[in-house]
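> Okay, here's the structure, questions in a sec.
The values are calculated or read from the model by the stated rules, or taken from the named source; none is laboratory data. In this text, all values refer to a predicted model and were calculated from it rather than measured experimentally. With ideal geometry, Cβ positions are generated from the backbone for all residues, glycine too; neighbour counts draw on all protein chains shown. SASA here: full protein model, heavy atoms, side chains in, ligands and nucleic acids out. Shrake-Rupley method; radii C 1.70, N 1.55, O 1.52, S 1.80 Å.
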Amino acid sequence: MSKSVRKKPAAPKKPVAAKKPVAPKKPAAAKKPVVAKKQTGAKKLAAAKKVETAKQPDVAPLLTVSDIHTYYGDSHVLQGVSLDVKPGECVALLGRNGAGKTTTLRSIVSLTPVRRGTVMFSGADITHSPTHRIIREGIGYVPEDRGIFSSLSVHEHLDVALWAAKKPVERRDEVVKIFPRISERMEHFGQQLSGGEQQMLSIARALLSEPRLLILDEPSEGLAPIIVDEVRDTLARVKGTGTSILLVEQNVAMALALADRVVVLSQGMVQFTGTPDELEAQPEIKDTYLGIA
């Protein structure tokens with residue numbers, strides 16, 4: 001008989017050691033939120049303006065002033081002034097008294113005739129167009145003297161301008177919303193208004209025609225600092241509607257808070273064109289042509 005072969009019993013499997021539980025990671029400490037410092041007044045406007053400027057595409061100018069020469073009699077006041085304003089942009093025209101700032105504005109709207117050079121608005125040559133036609137083309141003009149009639153009420157000032165602009169009553173209501181102080185004085189006569197209220201009425205009247213470009217000559221002149229801030233904030237709201245602004249202003253701080261670009265005049269000639277930051281970086285320009293450090 002053949003012998004049976006006994007199989008060796010299989011070795012018992014070693015028990016698998018249980019894995020040690022992994023301790024849960026401690027949650028990362030939450031970062032404290034960075035609270036932005038509150039900005040008020042001119043600083044807040046300047047911060048918002050920088051954001052708007054960065055987003056603004058390279059578009060064709062709405063207004064282009066090219067090498068204009070203007071005279072008062074034999075006096076050669078503007079000697080080749082050139083500047084431009086793009087849609088939605090605010091350009092500040094700065095300089096000492098007698099630099100030619102007001103004459104530049106008057107030349108643009110044909111109140112002082114241009115002898116040489118061109119003024120183009122929205123692609124059309126308006127150099128020698130009559131003032132009333134220029135206004136109808138879409139330029140609003142606020143003169144230095146404001147042009148308020150003492151015997152007319154605020155309501156009547158606006159109604160006359162509304163009729164001249166051939167706009168519906170709804171346009172007046174839209175404009176008045178921008179000027180809360182004016183809305184409270186509708187029945188007051190021009191002589192009863194403060195300087196700041198007269199200035200706001202003058203701006204409101206110019207806006208009734210729905211201008212694409214608003215030109216202002218020294219809107220803060222003679223006003224108390226608190227009213228200057230109010231006028232500045234009002235112009236910021238106007239700019240926020242998409243209206244372009246060309247601003248002549250002796251209050252440099254106010255002008256720079258609103259402006260996207262700056263043009264500095266001296267003796268009827270352009271001495272500087274650039275952004276407010278670029279002007280700040282050139283103290284010699286500020287000192288020589290603006291009289292500030």
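> Quick check: anything in region 145-155 within 15 Å of residue 217 (Cβ to Cβ), open to solvent by 70 Å² or more (accessible area, probe 1.4 Å) and at pLDDT below 90?
yes
> Hey, another quick one. So how many residues does region 51-71 have that are at pLDDT below 95 and more than 28 Å from residue 210 (Cβ to Cβ)?
Number of matching residues: 0.
> Follow-up question, since we're still on this one. Strands (runs of 3 or more DSSP E) wholly in region 178-293 with at least 2 residues that are touching a residue at least 24 places away in the same chain (Cβ under 8 Å) and under 16 Å from the mean Cα position of the chain (by Cα) - which ones?
Because the criterion is at least 2 residues that are touching a residue at least 24 places away in the same chain (Cβ under 8 Å) and under 16 Å from the mean Cα position of the chain (by Cα), the strands (runs of 3 or more DSSP E) in region 178-293 that meet it are 213-217, 244-248, 261-266.
> Among what's in region 181-218 and is of a type in the set (Lys, Arg) and within 25 Å of residue 250 (Cα to Cα), pick the residue that is surrounded by the most Cβ atoms within 10 Å (Cβ to Cβ).
Ranking the qualifying residues of region 181-218, first place goes to 205.
> Which of the numbered conditions does residue 74 fail, given that it passes all the others? Conditions: (1) acidic (Asp, Glu); (2) open to solvent by less than 10 Å² (accessible area, probe 1.4 Å); (3) modelled with pLDDT under 95.
Exception for residue 74: condition (2).
> Does residue 93 satisfy being open to solvent by less than 10 Å² (accessible area, probe 1.4 Å), in a strand (DSSP E or B), closer than 12 Å to residue 247 by Cα and modelled with pLDDT of 95 or more?
Here the answer is yes, as residue 93 does meet what is asked.
Okay, residues lined up against (1) in a loop (DSSP other than H, G, I, E, B); (2) under 25 Å from the mean Cα position of the chain (by Cα); (3) in contact (Cβ under 8 Å) with a residue 40 or more places away in the chain:
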site: 134; (1), (2), (3): no, yes, no
site: 140; (1), (2), (3): no, yes, yes
site: 146; (1), (2), (3): yes, yes, yes
site: 149; (1), (2), (3): yes, no, yes
site: 157; (1), (2), (3): no, no, yes
site: 161; (1), (2), (3): no, yes, yes
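> Follow-up. Return only the number of the condition from (1) surrounded by 17 or more Cβ atoms within 10 Å (Cβ to Cβ); (2) at positive phi that residue 178 does not satisfy.
It fails just one condition, (2).
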